Amino acid sequence: MLGRWRRRGAETAVPATFEDVPTLPTGYSQTASKLHAFNRYEIKYFVDELRVPDLRRELAAHMDSDPHSPHGGYPVTSVYYDTEDLRFYWEKIEGLRFRRKLRMRLYGAPEACTDQTPVQVEIKQRVNRVTQKRRIELPYAVALNWLDHRAELDCGPGGRGFVDEVTTLVQNLDLRPIVTTGYLREAFVGRDADLGLRVTIDHKVHGRDRDFRFDSGAENRFIIPPKLAIVEVKANERVPYWITDLLARTDMSVVRVSKYCQSVQAFGLAPRSLQGAPELAMPSNPVRSGDQA
């Protein structure tokens, strides 16, 4: 059944920060470089946590640590929206050349999230091998009213196309929260000739399938074995030779892993992909993330 839209008054009439126009992100959201507004190539790898210190040192020799990324990383928490029959999930599993997903993302400690905390509502889509991201920044309460309660969202002309696209998706597909994912992210940015390069290391990847408020305090569990971190190499046009050489020397292989799909599978919402990596095998008794969430 299609969702119905309810008009709201001044509570949704707030200025929206749209990332496809010049903006100055604040707080941890600054770690999500404005490069995310452009087309990117993204390549993912697994790395054993025991090898991360060596990897970190080699990256630091060629790249700068993101100035807004504290030592040990910053928390990233995302709520993913999908249809009742998991349309976006299956588009990813089936490897469609054009696919997209909708998420709400928080940079910073989830327990500190309030109604006024800025969050990102983002469409991430894949066109062939290119990843495209578009997002809008809103206070948390406003984003919830828009996506979960079908409230109408007022915004400036710069963001109107994106807002209309999200509104149509949520309405026509009756999207709802499906799972949450979270992790600690370290970020490195390129310098000199590698200004378009970004490398992230995600630790303690966990999630849950209920209690979707960021500040709920609900229990999470690891959706990827905690001995593994996910390394993502993101580039606008090319991956420098020194990066490919480094990854080869550290014996890291490319993996097709989606944190969203991992979370869906971890909670039994859909069958596991036949293309899943053997490294992702979890113990028979799920490991709880405890206070790492």
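What the table below lists for this structure:
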item	result
Across Lys204/Lys227; Lys133/Lys234; Lys101/Lys204; Lys133/Lys204; Lys44/Lys259, pairs whose alpha-carbon gap is larger than 20 Å	Lys101/Lys204; Lys133/Lys204
Those GluC sites (Glu not before Pro) in segment 81-147 that DSSP places in a loop and that have at most 16 other beta carbons within 10 Å	Glu84, Glu94
Charged-residue dipole, Cβ positions (Lys, Arg, Asp, Glu), segment 37-274 about Cα centre, Debye nearest 20	620 debye
Between segment 130-169 and segment 78-98, the alpha-carbon center distance in angstrom	19 Å
His71-Leu50 pseudo-label distance in nm [points 7 Å out on the Cα-to-Cβ vector]	2.5 nm
Dimensionless Rg ratio for segment 37-274, taking C-alpha atoms and the 2.2 N^0.38 Å reference	1.02
Nearest-0.05 FRET efficiency for Arg97 and Arg238, computed from C-beta distance (R0 22 Å)	0.55
Linear extension gain, Tyr41 paired with Glu84, 0.36 nm per residue minus alpha-carbon span	12.5 nm
Amide H partners (placed H, <5 Å) of Ile224, local residues excluded	Val205
Anisotropy class of segment 31-122 from Cα gyration tensor, a/c 1.5 cut	oblate
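Taken together, the values in this text are just the output of simple stated rules run on the coordinates, not laboratory data. Note that the structure is a prediction, hence the values are computed from the model and not measured. Please note: Cβ atoms are built from the backbone with ideal geometry, for glycine as well, and neighbour counts cover all protein chains shown.
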